[in-house]
């Protein structure tokens with residue numbers, strides 16, 4: 001029981017480190033879909049204007065993989081200092097999936113559908129059944145800092 005708890009703490013620590021933009025992979029596929037940095041237009045409650053201007057850069061890679069499971073990968077390339085990933089969402093007219101950072105770490109270990117983060121934090125993505133292929137929707141990432149401020153990054157995509 002202690003070993004299982006220790007492993008979960010190690011996994012969670014590694015995920016937090018990677019999501020804080022420490023140790024992101026140096027190379028990405030040449031077919032990676034790079035998005036422009038998104039600035040939040042209006043501050044939400046608890047944010048000042050300076051924080052609203054901070055940029056987030058996430059790369060979504062939908063390169064097909066030789067696997068039965070459908071998925072896309074994502075990498076957080078730029079994140080404002082002090083913020084960390086807390087929640088990931090997929091919303092379409094047919095599906096609504098929300099996962100916390102802890103749930104993503106669990107999916108990385110057990111291979112369940114939804115957002116996943118590998119145990120060492122090197123790989124992150126979204127796994128979905130073939131029935132969701134060609135679904136158009138929005139992927140959304142929420143980031144928080146210690147003061148409780150929130151930043152959001154979102155992009156409309158079509159699952160391949």
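Only strands (runs of 3 or more DSSP E) whose full extent lies in the range 70-160 are considered here, and the ones with at least 2 residues that are surrounded by fewer than 18 Cβ atoms within 10 Å (Cβ to Cβ) and free of Cβ contacts under 8 Å to residues at least 12 places away in the same chain are 96-100. Considering (1) at pLDDT 50 or above; (2) under 25 Å from residue 129 (Cα atoms), the lone condition that residue 34 does not fulfil carries the number (1).
Hey, does the range 87-100 have a residue that's under 17 Å from the mean Cα position of the chain (by Cα) and at pLDDT below 95? There is no residue in the range 87-100 that is under 17 Å from the mean Cα position of the chain (by Cα) and at pLDDT below 95.
The values are calculated or read from the model by the stated rules, or taken from the named source; none is laboratory data. No experiment lies behind these values; they were computed from the predicted model shown. Quick reminder, even Gly has a Cβ in these numbers, built from the backbone with ideal geometry, and neighbours come from all protein chains shown.
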